[in-house]
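Laboratory data are not the source of any read-out in this text; all were calculated from the coordinates shown. Since this is a predicted model, take the numbers as computed values, not measurements. Neighbour counts run over all protein chains shown; Cβ positions are idealised from the backbone, glycine included.
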Amino acid sequence: MPTGAARLYHVSATAKPTRMASAAANTARRAVGKLSPPTSCMLLCDIQERFSPVIYKNETVVQTAQFMTSVAKALDIPVVGTQQYTKVFGPTVAGCFANATDLESTPIFEKKLFSMLTPEVTAHLSAMEERNSFLLFGIEAHVCVQQTALDLLELGHDVHVIVDGVSSQQPIDRDIALQRMAGAGAYLTTAQSAAFML
């Protein structure tokens, strides 16, 4: 058995491979945000008619939503939508879907909370246990979208914020919200990037 400095060297030399193996295992476990249709779900947040005139680059948000819902349909990925206080802000913009039947067949939940994760939506998502990656788009970035992202992250889910499908009334609110969500662990991506990963 080595003693003194020789023992210290022996312990250090034998511990190094163990530390390296542990680091390799941690790297293998590290979440990198890959997407797969069977484990994904799309969340359409509050893209409603009365918001349209006041949202920064609203046309891009709606076009992106339509692209994402079309991808979801092609790949059999569920879409869940919400509407904030429909009586005041109106229904979901029809242009978020390629055709009216897709809108009609999509579960859209009324809400008065900011986060999409109301008890009703949470119960609906809980029935899809295998879905743990959420692609999130809608408005407003700094309120409902951000609070939804943070709630999902807190529950341990992967959150992919579709940046070209997210906006607010003021660009500064959108920009800071994207930074806030990324800092909390959300993946910022684009509609095209997410679609090609799927």
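Here are a few things to note about the model shown:
- Residue-count net charge about T39 - beta-carbon cut-off 15 Å; Lys, Arg +1, Asp, Glu -1: -2
- Scattering from region 138-186 was approximated by placing one identical point on each alpha carbon and applying the Debye formula without solvent; log10 I(q)/I(0) at 0.26 1/Å stands at -0.90.
- FRET efficiency, L153 to E59 (Cβ-Cβ, R0 22 Å, nearest 0.05): 0.15
- If you take the alpha carbon atoms of region 27-169 and fit the smallest convex hull around them, that volume is 107 Å³ per residue.
- In sequence order, region 33-47 has phi-based couplings of x, 6, 10, 9, x, x, 10, 10, 8, 9, 10, 9, 9, 6, 7 Hz under the Karplus curve 6.51 cos²θ - 1.76 cosθ + 1.60, θ = phi - 60°, and Gly or Pro positions carry x.
- Take the Cα of M128, step 7 Å toward its Cβ, do the same at V32, and the gap between the two points is 2.5 nm.
- The separation of region 28-95 from region 184-198, counted between C-alpha centres, amounts to 13 Å.
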